[in-house]
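Have a look at the structure below before the remarks.
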Amino acid sequence: MPVVTFMPSGKMIEVASGTTLFEAATRAGLPVASSCSAENVCGKCNMQIIQGADSLSNQSEYEKKLLQRERHAVTDRISCLTKIEEDCVVTTKYW
């Protein structure tokens, strides 16, 4: 099972393949910015990928539009839309 590491805390959690970054962070007890409760609408739950970008699901056009609308970096990922396939390390500006 993939392991997600959250920085800067270094907190690690093992998750089933296909779990979203949003779900993983919530299970790890970390706050996730969201005004839509992970309904794939607000785009505020972005995370930066430190390591393992290739270990995540591909970015959809919809995700790219949300990143652009919210003025996030194109390399960020919307956590409620991003599925974990293998180990990765992530962070966000509010941790």
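Distances between placed amide hydrogens fall under 5 Å for CYS80 paired with PHE22, all partners being 5 or more residues away or on another chain. Overall shape of region 3-91 was characterised from the C-alpha gyration tensor. The equivalent ellipsoid obtained from it has semi-axes of 19, 14, 12 Å, in decreasing order. Scalar couplings 3J(HN,Hα) for region 10-19, obtained by applying the Karplus form with A = 6.51, B = -1.76, C = 1.60 to θ = phi - 60°, are x, 4, 10, 9, 8, 9, 6, 4, x, 5 Hz; x denotes Gly and Pro. The charge dipole of the chain, taken about the Cα centre with unit charges on the Cβ atoms of Lys, Arg (+1) and Asp, Glu (-1), comes to about 400 debye, rounded to the nearest 20. Couplings 3J(HN,Hα) for region 51-66, derived from phi with the Karplus relation 6.51 cos²θ - 1.76 cosθ + 1.60 (θ = phi - 60°), are 8, x, 4, 6, 8, 10, 4, 5, 6, 7, 4, 4, 4, 4, 5, 4 Hz, where x marks Gly and Pro. Here the 3J(HN,Hα) profile of region 67-83, calculated from phi with Karplus coefficients 6.51, -1.76 and 1.60 at θ = phi - 60°, is 4, 5, 4, 8, 6, 8, 4, 5, 8, 5, 10, 7, 5, 6, 9, 9, 9 Hz, Gly and Pro shown as x.
Taking amide hydrogens as placed 1.01 Å from N in the peptide plane, the amide H of LEU56 sits under 5 Å from those of GLU85, each at least 5 positions away in sequence or on another chain.
Ranking PHE22, GLN68, GLN48 by Cα position along the charge dipole of the chain, where only Lys, Arg, Asp and Glu carry charges on their C-beta atoms, puts GLN68 farthest toward the positive end.
Here the Gaussian network model covers the chain, with springs between Cα atoms less than 10 Å apart; of ALA25, ALA16, ALA33, ALA16 fluctuates the most. Among the lysines of the chain, pairs that are 8 or more positions apart or on different chains and have alpha carbons within less than 18 Å of each other number 7.
We did not get these values from a lab; they are worked out from the coordinates using the rules stated. As the structure is a computational prediction, the values presented were derived from the model and not from experiment. As a convention, Cβ positions derive from the backbone with ideal geometry for all residues, glycine included, and neighbour counts pool all protein chains shown.
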